[in-house]
Amino acid sequence: MAEIKIAAEVRNEFGKGAARQTRRANKVPGVIYGHGAEPVHVTLPGHELMMALKTSNALLSLDVDGKSELVIPKAIQRHPIKRNITHVDLLAVKRGEKVTVEVAVHTEGELAPGGNLLENVLNTLSVETEATHIPESVTVSIAGLEAGASIHAKDVPLPEGTTLATDPEAIVIQVLAPQAEEAPAEGESEGAEA
């Protein structure tokens with residue numbers, strides 16, 4: 001995954017009033033944590049940050065007062081109605097360092113004929129990988145699976161250098177048989193009771 005470069009400013013004013021003022025200027029307050037260092041409070045450009053975070057587990061290269069800092073998003077807070085980003089927590093990482101992240105699970109292929117239903121039990125998997133090589137997603141083939149079949153976390157193919165952090169026995173995907181609607185028994189009427 002490519003690094004996304006964003007200019008950030010160190011933030012010296014704190015509290016609700018300062019955060020609101022930052023947001024009115026189309027910027028997002030954030031905090032950089034990690035490596036045992038003191039948290040660094042920053043302000044990021046709102047639109048650039050929103051575009052960068054459209055990709056899950058985006059690797060950001062922040063220019064903070066002339067110093068480059070590699071970070072990944074750890075927690076993103078959004079406005080409940082407008083859905084714009086109101087605050088972001090960022091985790092500082094180093095090249096070659098392993099991080100644990102959630103990666104989306106996608107499916108490919110068609111189920112066996114018969115009207116079976118696909119249930120995504122887990123939409124993401126927790127994996128450990130190098131911070132500069134975080135996969136955007138993992139893909140699982142469901143081609144020809146019959147009712148009753150399931151795919152466990154240990155069965156999901158992972159990119160090289162990525163290891164599973166989720167329970168290997170956890171069910172990721174299962175195939176369910178279609179449920180037939182029961183017809184009312186003879187003599188019973190549908191609706192009101194007598």
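The values are calculated or read from the model by the stated rules, or taken from the named source; none is laboratory data. The structure displayed is predicted, hence computed values, not measured ones. Every residue, glycine as well, gets a Cβ built from its backbone with ideal geometry; the counts of neighbours run over all protein chains shown. Each accessible area value is taken on the protein alone, full model and side chains, heavy atoms only, with ligands, DNA and RNA left out. Shrake-Rupley method; radii C 1.70, N 1.55, O 1.52, S 1.80 Å.
Only one of these is modelled with pLDDT under 90, among the β-branched types (Val, Ile, Thr) and farther than 30 Å from GLU160 by Cα: ILE81, ILE76. Name it.
Criteria check complete, one pass: ILE81.
LYS27: of a type outside the set (S, T, N, Q) and in contact with a Gly (Cβ under 7 Å, 6 or more places away or on another chain), yes or no? Can you show your working first?
Numbers: of a type outside the set (S, T, N, Q): yes; in contact with a Gly (Cβ under 7 Å, 6 or more places away or on another chain): yes.
For LYS27, the condition - of a type outside the set (S, T, N, Q) and in contact with a Gly (Cβ under 7 Å, 6 or more places away or on another chain) - is met.
Under the condition of being in a loop (DSSP other than H, G, I, E, B) and closer than 17 Å to ALA104 by Cβ, which residue from the stretch 142-169 is most open to solvent (accessible area, probe 1.4 Å)?
PRO157
Give the residues of the stretch 90-141 that are outside any strand (DSSP E or B) and under 19 Å from the mean Cα position of the chain (by Cα), sorted by residue number.
The answer is VAL93, VAL121, LEU122, ASN123, ALA131, THR132, HIS133, ILE134, PRO135, GLU136.
Cβ-Cβ below 9 Å, separation at least six or inter-chain, first residue in the stretch 25-50 and touching a residue at least 60 places away in the same chain (Cβ under 8 Å), second assigned to a loop (DSSP other than H, G, I, E, B) and among the basic types (Lys, Arg): which pairs?
GLY30/ARG11
Return the pair list, or none, for Cβ contacts closer than 6 Å from residues in the stretch 6-22 that are more than 11 Å from LEU62 (Cβ to Cβ) to residues that are of a type outside the set (A, V, I, L, M), at least 6 apart or on different chains.
ARG11/HIS41; ARG11/THR43; ALA19/PRO29; THR22/PRO29; THR22/THR43
Hey, VAL121 hits all of (1) of a type in the set (A, V, I, L, M, F, W, C); (2) modelled with pLDDT of 90 or more; (3) open to solvent by less than 60 Å² (accessible area, probe 1.4 Å) but one; which does it fall short on?
Unmet condition: (3).
Of LEU118, LEU90, LEU125, which residue is over 30 Å from HIS35 (Cβ atoms) and not polar (S, T, N, Q)?
None of the others qualify; the one that does is LEU118.
Of the conditions (1) open to solvent by less than 50 Å² (accessible area, probe 1.4 Å); (2) of a type outside the set (S, T, N, Q); (3) modelled with pLDDT of 85 or more; (4) more than 21 Å from the chain's Cα centre (by Cα), LEU176 clears all except one; give me its number.
Against the list (1) open to solvent by less than 50 Å² (accessible area, probe 1.4 Å); (2) of a type outside the set (S, T, N, Q); (3) modelled with pLDDT of 85 or more; (4) more than 21 Å from the chain's Cα centre (by Cα), LEU176 comes up short only on (1).
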